[in-house]
Structure formats: structure tokens, C-alpha cells
Amino acid sequence: EKGGYASFMLKEIAEQPKAVADTLLGRIDAEGRLSLDEVRISPSELREADKVVIVACGTAFHAGLIAKYAIEHWTRIPCEVELASEFRYRDPILDPRTLVIAISQSGETMDTLMALRHAREQGAKVLAICNTNGSTIPRESDAVLYTHAGPEVAVASTKAFLTQLVACYLVALYLGQSRGTKWGDEVRAVVRDLSRIAGAVEEVLTTMEPVRELARSLKDKKTVLFLGRHVGYPVALEGALKLKELAYMHAEGFAAGELKHGPIALIEEDLPVVVVVPSPRGRSVLHDKIVSNIQEIRARGARTIVIAEEGDEAVAPYADHLIRVPVTPTLLQPLVATVPLQVFACELATARGNEVDQPRNLAKSVTVE
Ligand code: M6R
């Protein structure tokens, strides 16, 4: 059932282009109109939402962090993202105009379920983004958008993450559109870019051999750091989480702008640091800042592993290892930039002799609080 792959994780990484394409299929028209799978909430209630709160755990939380950038940019609705396990314990401000989005692959994560129950008790509406038909979280929500990743068996989430991102982008487009945001051309451009993204993910997958080789060469390291900015920051967090859970290594993700506020003290000779570089187009200020971050850490001896867009030549002189990803709009870059990090963690874990599908101490779905 692993279809010739050594692990479910490898199989699921390879299935990502299809998972992404399937999640988009038939969901959205050229104007950005979205069809949800189950809607027990009126279009006017969705339209009138004045705040979005995303709750999720682990990898799904990272999808939520990325969604915030898209939702606020495209809809101008304020959006908060919170770890589901923290949410109800801080007395969050919720009312019928709050749209809570609960993201969960399994649909059974207890922390997320308790967060959504709390939100509904306070009168908020809940939209679930979920990969498992008929599971508890979608059953208890007001509306559901299913990700079509197919069953995810490996404990480490890969294809579900990419499809959660797609679902979040779709919800953001839908909210923007239903509120009549005046951005017809931009919607069409985003829909077009999304329709090409499965091909871009496919392309990344064909270039992963150097990443595997690099991962094997780092198998005896103690620590790997990950840096990113903007949507690259949650990608860095996700890269670090994958490495922790699979390779049992110390790994941390930082916002690159925070380096100078502390983490730069960690940099020492030969420390591997993975840097997710934003596109030089569009947000060129951020790009230039991250290039100086790379210079700074390299000057202090770090081994720089740089994930950058095709054609971005400015980073090349400072990259000890350069991993190229296809050109995408900034907000969609996580869909391609995460893939090398999944492959990296999977290969490094295998090189350390770990069981990648069933990491120690972890379960696929966490049904206790
Ligand atoms: O099923 P869920 O999406 O609710 O699960 C949430 C987390 O437990 C999950 O993403 C976990 O962090 C993964 N093992 C990460 O790879």
C-alpha cells in the first residue's frame, strides 16, 4: 500500500501535486466564488464577519499562520491565529460576527475540538477545514471545506498541510469576494496562479536529490536553525517541527528580523541554518533584509542552506547550499518552499535510523487534551 515507496511519508510527499490539484478542483470560479461542502451558516453571516480567528495545532497551526497573511491582505478583515490548546483558557473575545476557522487534518484533535466548542458557546460561527469526511470537528462546525489530500497515514503531516494552505487561500478569496472587495483583477490573477501551483510543486519534487544528499551529510549535527520572514516565517517553523518530530534533533524556527534580538548569539562555526528567502519581486525590501541576515550569519561561521526562487542571483554568493524553488507570487510561496523541508527532515531521519512513519512518542491524531 506504500505504492513502491520506502515509507508512507515519501509516498505522501510525492502525492502533493495531486492533493493540491484535487483540493482546487471544481471549488472556485474565475471570479473567486467558492463552493463549500457543507454550509449551516447563512451567506450574510459569513459576509458580515468582522473578525477571523484561526485555531489549530502543530502543522495545521502553521497553515493558519500563513492564512493570516492572505486573509488580511485580500479581505482586510482582521485575523488572529491561536494555538487551539491555549485558546479557551484566555477568555477570548468572540461574538456572532466572529468567524472561527478550525483547521485539522484528522478532525479529531481534542484541543481543536474544545476550542471550537468554546467558540460556538460564545455565539461565534465556525468553519472547519478538514481532511477527514464526517469526523467530529466538521460535524460540530457551522460550515465545512474539505481538503482532498486523501488519507494521510504518516504521523508527520505533509500533503494535508499543502491542501490546508490551498483551502485557506480559497476561503480568503471567498471572503474577499463575498464582501465585494474591489479587486476583480487581483482575484482572477490569484485564481490563475493557484491553478498553476500543482505544476510548481511537481517541479520542486523533481529537483530533490541534492537536498537528500545534504540531509544525509548533516546526520550527526545536534541543532539546525530555520529562518524566514513574512509567509516564510511559518515555513521556517514548519521545517523545524518536521525535523524535531522525525529526526529527534533540536531545531528552531525564527523570524529572521528577530535574529538581532537574541538568536544570533546561537550562531557558531558550521551550524546549519536554513533560510527561506522571499521573492525578490514584490516584497523586495524583505528580500534585501534577508540577504543581509544571510551575510551576517555566514560571517559568524554558519553553514547557510538557502531556499530561494529561480533566478534570484543576489543570494547565491552567500549560500553554502542553494535550493531553488519555482517563481510563485509571495503569498503562495509556502506551497513550494515547504516541500524541500519535508524531504530534508525525512531523509535526515532515515539517515539517523529513525522510523519516519511512526516517530517515537507521537500519534497520528491526538484525541486527548
Ligand atoms: O489532525 P490535526 O491536523 O488536527 O493534527 C494537528 C497536529 O497534531 C499535527 O499537525 C501534528 O503537529 C503533526 N504530527 C505534524 O507533522
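Observations on the structure shown:
- DSSP beta bridge pairing in the range 25-120, given as percent antiparallel to the nearest 5: 10
- For the chain, the longest principal axis of the alpha carbon atoms and the long axis of helix 159-178 meet at an angle near 50°.
- Counting only DSSP beta bridges with both residues in the chain, the antiparallel share comes to about 5 percent.
- Taking the Cα centre of the range 115-226 as origin and assigning +1 to Lys and Arg Cβ atoms and -1 to Asp and Glu Cβ atoms, the resulting dipole is close to 240 debye.
- In the range 142-299, the convex hull through the Cα atoms has an average projected area of 12.3 nm², a quarter of its surface area.
- Across the chain, the relative contact order, built from alpha-carbon pairs under 8 Å that are at least six residues apart, equals 20 percent.
- Positive contributions from Lys and Arg (+1) and negative ones from Asp and Glu (-1), summed over other residues with Cβ under 11 Å from the Cβ of R352, come out at 0.
- Of all lysines in the structure, the ones whose alpha carbon falls short of 23 Å from that of K68, not counting any fewer than 8 places away in one chain, are K51, K125, K159, K182, K242, K289.
- Within the straight-line cut-off of under 20 Å between alpha carbons, the aspartates and glutamates reachable from K11 are E1, D22, E152, E202, E203, E209, E213, E238, E245, E347, E355, D357, sequence neighbours fewer than 8 places apart in one chain being disregarded.
- Label positions at M110 and S44, each projected 7 Å from the Cα along the C-beta direction, are separated by 4.1 nm.
- Charging the Cβ of each Asp and Glu at -1 and of each Lys and Arg at +1, and nothing else, the dipole of the chain about its Cα centre rounds to 220 debye.
- Fraction of antiparallel bridges per DSSP, the range 87-198 only, in percent to nearest 5: 0
- Label-point separation in nm, E140 to L322, each point 7 Å along Cα→Cβ: 5.0
- What you get for the range 206-289, charging only the Cβ of Lys and Arg (+1) and of Asp and Glu (-1), is a dipole of about 240 debye around the Cα centre.
- Surface share of carbon and sulfur [accessible, 1.4 angstrom probe, percent] for the chain: 51
- Overall, the anisotropy analysis places the range 115-162 in the prolate class: the square-rooted eigenvalues a ≥ b ≥ c of its C-alpha gyration tensor yield a/c not less than 1.5, with a/b exceeding b/c.
- Placing unit charges on the Cβ atoms of the charged side chains and taking the dipole of the chain about its Cα centre, the candidate lying farthest along the positive direction among G301, A49, T147 is A49.
- The trypsin sites (Lys or Arg not before Pro) of the range 1-67 that meet both conditions, a loop assignment by DSSP and at most 15 other Cβ atoms within 10 Å of the site Cβ, are K2, R33, R40.
- With each label modelled as a point 7 angstrom along the Cα→C-beta vector, the A314-R300 pair spans 2.2 nm.
- Convex hull of the range 1-109 built on C-alpha atoms - directionally averaged projected area, nm²: 9.0
- Subtracting the Cα-Cα distance of K244 and E268 from 0.36 nm times their residue separation leaves 6.6 nm of extension gain.
- Three-way shape label, the range 203-267, alpha-carbon gyration tensor, a/c 1.5: oblate
- The chain shape via C-alpha gyration tensor axes, a/c threshold 1.5: prolate
- Residue-normalised accessible area of the chain, given per residue in Å² at a 1.4 Å probe: 40
- Label-reachable residues, the range 234-252, where backbone N falls under 14 Å from a point 7 Å from R360's Cα toward its Cβ: 244-250
- Taking Cα atoms only, the orientation of helix 284-299 departs from the longest principal axis of the chain by about 40 degrees.
- The chain: angle of helix 184-205 to the longest principal axis, Cα-based, in degrees nearest 10: 40
The values are calculated or read from the model by the stated rules, or taken from the named source; none is laboratory data. Remember, predicted model here, so these are calculated numbers, not experimental data. Glycine gets a Cβ as well: all are built from the backbone with ideal geometry, and neighbour counts include every protein chain shown. Accessible surface areas use protein heavy atoms only, side chains included; no ligands, DNA or RNA. Shrake-Rupley method; radii C 1.70, N 1.55, O 1.52, S 1.80 Å.
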